[in-house]
Structure formats: C-alpha cells, structure tokens
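Read through the structure below, which is laid out as structure tokens, and then see the notes.
The values are calculated or read from the model by the stated rules, or taken from the named source; none is laboratory data. Just so you know, these numbers come straight off a predicted model, no measurement behind them. Quick reminder, even Gly has a Cβ in these numbers, built from the backbone with ideal geometry, and neighbours come from all protein chains shown. Quick note on the areas: whole protein, heavy atoms, side chains included, nothing else; ligands and nucleic acids left out. Shrake-Rupley method; radii C 1.70, N 1.55, O 1.52, S 1.80 Å.
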Amino acid sequence: FFEDLLQRYNSKEWLTSDPVQFVHCYSRPGDQEVVAFLASCFAYGSVVLVHRAVEAVLAPMGASPERFIRDYSPQKRFWPGVYHRFHREEHLEVLILTLQAALLEFGSLGRLFQKDTANVEDVLNTGSQWLRNRAFEIAQTRKADLRRGLQFFFSSPSDGSACKRMNMFMRWMVRKDEIDLGLWTWFSPENLVIPVDTHVARIGYYLRLYRGKEARAVNWKLAVEITESLRLICPSDPVRYDFAIARLGILDICKREYEKSICTQCPVQAACRFS
C-alpha cells in the first residue's frame with residue numbers, strides 16, 4: 001500500500017506543493033544547502049504563505065544565495081517590511097548573519113552538522129545548539145528581544161520538539177531521489193527521523209503508525225514512533241514515504257472522515273482505520 005502511495009505522489013509533478021521546490025532552482029551544492037535551510041526555517045503555516053515567505057527571503061539573493069550570505073552586510077536593508085507570522089525582518093537579518101558565521105567557520109552547513117555518529121538526534125542537537133548560540137550572540141546587539149523567534153528556527157530533540165523543519169532539512173540533504181538532493185553522503189537515510197507536521201500526524205493516526213489518540217502531542221517521541229513503524233516496511237530508508245504521506249494532507253486529498261468517492265481511490269485505503 002505504501003509503495004503504491006509512493007509511486008503516485010513521490011514525483012516532481014508535486015514539487016510545487018512543497019518548499020523543496022526552491023532548492024531545485026539552484027545547481028551548486030553550496031546554494032542548495034543554504035536555500036534548503038532557509039526554506040525549512042519558514043516551512044510553517046499554510047502552503048501559500050510558506051512559499052510567499054521563501055520567495056521574499058530569496059528575492060534579493062540573486063543567482064547565488066551562498067555568495068550573498070558570505071558577502072552580506074547589515075548596513076543595507078534587503079527585506080524591508082518582510083514578515084511571516086511571528087518572524088520579522090529583524091529575525092531574518094540575524095538568521096542570515098548566523099548562517100554567514102557558520103559558512104565562515106565551517107566552510108559549509110554540511111560540515112557544521114557533520115558528526116561521527118549514526119544518531120540523528122545527536123546531529124541535530126549539536127548543529128542546532130551551535131546555530132542557536134551564535135544567533136543569540138548576534139541578537140544581543142539588537143534592541144528588540146528576538147530570542148523566542150530565533151529559537152524557533154533552531155529546534156532540537158533535546159527540547160522535546162518534533163523538529164519538523166530540521167528533520168525536513170536533513171531529509172532533503174541526505175536522501176536522494178526526484179525530490180531530495182542527497183548532498184550529505186556522510187549520513188545514512190536509514191537513520192533519519194520523519195518530519196512530523198499536522199498532516200503527517202493526522203494521517204499517521206489514520207494509518208496506525210503510532211499508538212494512542214489522534215490528539216496526541218506532536219513531539220520527538222511521536223516522530224520516532226512513526227519512523228519506527230515505517231522502518232518495518234523499509235528498514236534502509238523509512239523516511240522515503242514522508243513526501244507522499246504529506247501530500248494526502250497538503251493537497252487536501254485526505255478528509256477527516258470516510259468519503260467513498262475519495263477513499264476508494266486512495267492507495268492506502270486498505271490500511272486506513274476509517275476504511
């Protein structure tokens with residue numbers, strides 16, 4: 001059932017429904033890395049608002065976002081009036097300066113996150129903590145208190161967070177297919193954890209990928225449990241089903257009740273609790 005779902009929705013045909021589409025606009029690995037990170041940072045809220053925010057962030061960066069970030073100077077305002085829900089121009093400026101610091105110190109985001117471990121929790125904790133600390137240092141020079149908004153960019157398993165955006169970034173960088181870039185060969189897809197948002201959590205409940213109620217808290221424990229269920233199907237690459245599962249919610253295909261005209265056409269109907 002999941003392989004059928006994969007065949008239907010895990011293709012470039014559906015790229016425009018996901019912020020990973022912006023990563024595919026660039027061919028250089030350095031540009032792809034920074035665009036992927038920026039796109040994942042703002043991947044919360046409705047699809048329309050997410051895409052609008054990412055477009056606004058990338059607009060001044062030209063053909064090479066990596067070069068833009070390396071050369072960035074806050075003396076000029078590049079994003080006047082830009083905002084995405086609770087993130088404003090000031091948060092974005094600190095984020096760019098934080099990425100600049102990472103590129104100058106490590107050479108690339110891949111080297112910042114690279115760690116001699118197969119545990120994605122350790123990789124995310126270490127990388128997120130470095131970025132968070134650097135962002136807080138930079139934000140100290142600002143008049144406004146930006147800590148809460150900046151911490152949201154750099155979630156980590158140690159916080160108990162599901163780390164949806166960070167896991168999404170890892171998936172884009174580690175896996176390799178029509179959707180994911182596969183730039184980080186130092187980490188194995190078998191050790192990734194699925195990015196859990198409201199869509200994956202809801203449909204994961206319908207497909208019995210975790211125990212408990214549908215209203216269960218979306219946290220790191222839930223993300224690991226869903227991943228372990230998918231690992232029973234594909235031990236070497238459990239997160240390969242993420243993009244396809246999420247399409248059922250993002251494209252509003254899967255409703256919150258059984259509808260015969262829709263459900264009988266769904267590849268995972270036979271596995272769904274409502275069918």
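Restricting region 115-145 to residues that are polar (S, T, N, Q) and either assigned to a loop (DSSP other than H, G, I, E, B) or under 14 Å from residue 220 (Cα atoms) (or both), which is modelled with the lowest pLDDT? Quick ask: steps written out before the conclusion?
Looking only at region 115-145, we keep the residues that are polar (S, T, N, Q), and these are 117, 119, 125-126, 128-129, 133, 140-141.
Subset that is either assigned to a loop (DSSP other than H, G, I, E, B) or under 14 Å from residue 220 (Cα atoms) (or both): 117, 119, 125, 140-141.
Values: 117: 93, 119: 96, 125: 97, 140: 92, 141: 85.
The qualifying residue modelled with the lowest pLDDT is 141.
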Which pairs do you get when a residue that is without any contact (Cβ under 8 Å) to a residue 24 or more places away in the chain and open to solvent by less than 50 Å² (accessible area, probe 1.4 Å), found in region 66-80, comes within reach of a residue that is in a loop (DSSP other than H, G, I, E, B) and of a type in the set (Phe, Trp, Tyr), reach meaning Cβ atoms under 9 angstrom, with the pair 6+ apart or on two chains?
68/78
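Residue-by-condition table, conditions (1) out of contact with any helix residue (DSSP H, G or I) (no Cβ under 8 Å at 6 or more places or on another chain); (2) of a type outside the set (Lys, Arg); (3) touching a residue at least 12 places away in the same chain (Cβ under 8 Å):
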position	(1), (2), (3)
237	no, yes, yes
257	yes, yes, yes
265	yes, yes, no
274	no, yes, yes
Quick check: anything in region 163-175 open to solvent by 60 Å² or more (accessible area, probe 1.4 Å) and free of Cβ contacts under 8 Å to residues at least 60 places away in the same chain?
no
Is at least one residue of region 89-99 open to solvent by less than 10 Å² (accessible area, probe 1.4 Å) and either farther than 21 Å from residue 153 by Cβ or among the hydroxyl-bearing types (Ser, Thr, Tyr) (or both)?
yes
Find the residue count for region 241-275, including only residues that are of a type in the set (A, V, I, L, M) and open to solvent by less than 20 Å² (accessible area, probe 1.4 Å).
5
Before we move on, is residue 238 over 13 Å from the mean Cα position of the chain (by Cα) and surrounded by 22 or more Cβ atoms within 10 Å (Cβ to Cβ)?
yes
Assuming residue 210 fulfils every condition listed in (1) farther than 21 Å from residue 10 by Cβ; (2) surrounded by fewer than 19 Cβ atoms within 10 Å (Cβ to Cβ); (3) at pLDDT 95 or above; (4) not β-branched (Val, Ile, Thr) apart from one, which condition is it?
(2)
Please go through region 84-110 and pick out each residue that is under 23 Å from the mean Cα position of the chain (by Cα), outside any loop (DSSP other than H, G, I, E, B) and free of Cβ contacts under 8 Å to residues at least 24 places away in the same chain.
89, 93, 106
Please identify the pairs in which a residue from region 124-139 that is under 9 Å from residue 154 (Cβ atoms) has its Cβ atom under 7 Å from the Cβ atom of a residue that is of a type in the set (D, E, K, R) and open to solvent by 20 Å² or more (accessible area, probe 1.4 Å), counting only partners at least 6 apart or on another chain.
none
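Does region 142-154 hold any residues that are open to solvent by less than 10 Å² (accessible area, probe 1.4 Å) and closer than 14 Å to residue 40 by Cα, and which are they?
At the first step, the residues of region 142-154 found to be open to solvent by less than 10 Å² (accessible area, probe 1.4 Å) are 146, 149-150, 153-154.
Correct list: 150, 153, 154.
Could you tell me whether residue 34 is part of a helix (DSSP H, G or I) and either open to solvent by less than 10 Å² (accessible area, probe 1.4 Å) or of a type in the set (Phe, Trp, Tyr) (or both)? Before you say what the answer is, go through the steps one by one.
On the way: part of a helix (DSSP H, G or I): yes; either open to solvent by less than 10 Å² (accessible area, probe 1.4 Å) or of a type in the set (Phe, Trp, Tyr) (or both): yes.
Spelling it out, residue 34 is indeed part of a helix (DSSP H, G or I) and either open to solvent by less than 10 Å² (accessible area, probe 1.4 Å) or of a type in the set (Phe, Trp, Tyr) (or both).
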Of the conditions (1) under 27 Å from residue 244 (Cβ atoms); (2) open to solvent by 30 Å² or more (accessible area, probe 1.4 Å); (3) among the aliphatic types (A, V, I, L, M), residue 23 fails just one. Which one is it?
(2)
Qualifying positions in region 226-266 - touching a Phe, Trp or Tyr at 6+ places or on another chain (Cβ under 6 Å) and under 13 Å from residue 6 (Cβ atoms)
230, 233, 241, 244, 247
Could you list all residues from region 146-190 that are modelled with pLDDT of 95 or more, of a type in the set (Gly, Ala, Ser) and farther than 16 Å from residue 124 by Cα?
182
Going through region 37-67 one residue at a time, which ones are of a type in the set (Ser, Thr, Tyr) and either in a helix (DSSP H, G or I) or closer than 15 Å to residue 85 by Cα (or both)?
40, 44, 46
